[in-house]
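Structure record follows, encoded as structure tokens.
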Amino acid sequence: MAIYRYFRDNNIPIDIVTAVFTNDKSPAYQNCIDLNIPCLVIPAKDMKLFETRLKQLIYSEKVDLIALCGFMRLLSEDFLRSVDIPVLNIHPALLPKYGGRKMYGMAVHEAVFKAAEKISGATIHRVDGIYDHGEILCKKEVNIAHCSSPEEIAEEVLKVEHEIYAKTIADLLQKN
């Protein structure tokens, strides 16, 4: 939703072809429905089937970029090579030990809080099929010294994620 709002509020002529969800339980799913953004649910339990259906969408709709949001599975090297478009993801925290394989979402914020880190942040990167940490396109620090819980850290980091992800996507698409 942050991506959609950024494009709309800044009059950026980029279309969101389809918002793909792995289930229909997300509040963002309902928000997309309410805003008439085309939505598709593709369960990711079977990754081969997920990738096949996603490829069909990419080719039929001439998709130029995939921006993953909250997607915690790895896309295969074969998929990434065959679609030949940028696939981006965003992770909370700047330090690699707090993001990547098996370390997502609140688990990241809990680990950062437990380690008494003073700085967290967000990192936007191209996806690779091995570790989901390809080329870094953007990162921004967040001072979390004042945060008294993992939930407060999550709120601070989410603000930054919303700020930088949509801008990075727009910048990348407008260069091409």
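Just so you know, all these numbers are worked out from the coordinates, no wet-lab data involved. All values derive from a computational prediction rather than experimental measurement. Cβ placement follows ideal geometry from the backbone for every residue including glycine, while neighbour counts extend to all protein chains displayed.
Would you mind checking the pairs Lys25/Lys62; Lys25/Lys55; Lys25/Lys97 and listing those with alpha carbons more than 25 angstrom apart?
Table pairs above 25 Å Cα-Cα are Lys25/Lys62; Lys25/Lys97.
What does the charge dipole of the chain about its Cα centre add up to, to the nearest 20 debye, if the Cβ of each Lys and Arg holds +1 and the Cβ of each Asp and Glu holds -1?
Charge dipole, the chain, about its Cα centre: 260 debye, nearest 20.
Excluding Asn23 itself, what net charge comes from residues whose Cβ is under 15 Å from its Cβ, given Lys and Arg +1 and Asp and Glu -1?
With Lys, Arg at +1 and Asp, Glu at -1, the net is +2.
Considering only DSSP beta bridges with both partners in the chain, what is the antiparallel share in %, to the nearest 5?
Details: 13 of 18 bridges.
Among the beta bridges of the chain, antiparallel pairing accounts for roughly 70 percent.
Determine, at each q value in 0.20 (inverse angstroms), the log₁₀ of I(q)/I(0) that the Debye formula gives when each Cα of the chain is one equal point scatterer.
For the requested q values the scattering log ratios are -1.52.
Which of the lysines could be linked to Lys159 by a straight reach, that is with a Cα gap under 19 Å, when you skip same-chain ones fewer than 8 residues away?
Within the straight-line cut-off, Lys159 pairs with Lys118, Lys139, Lys140, Lys167.
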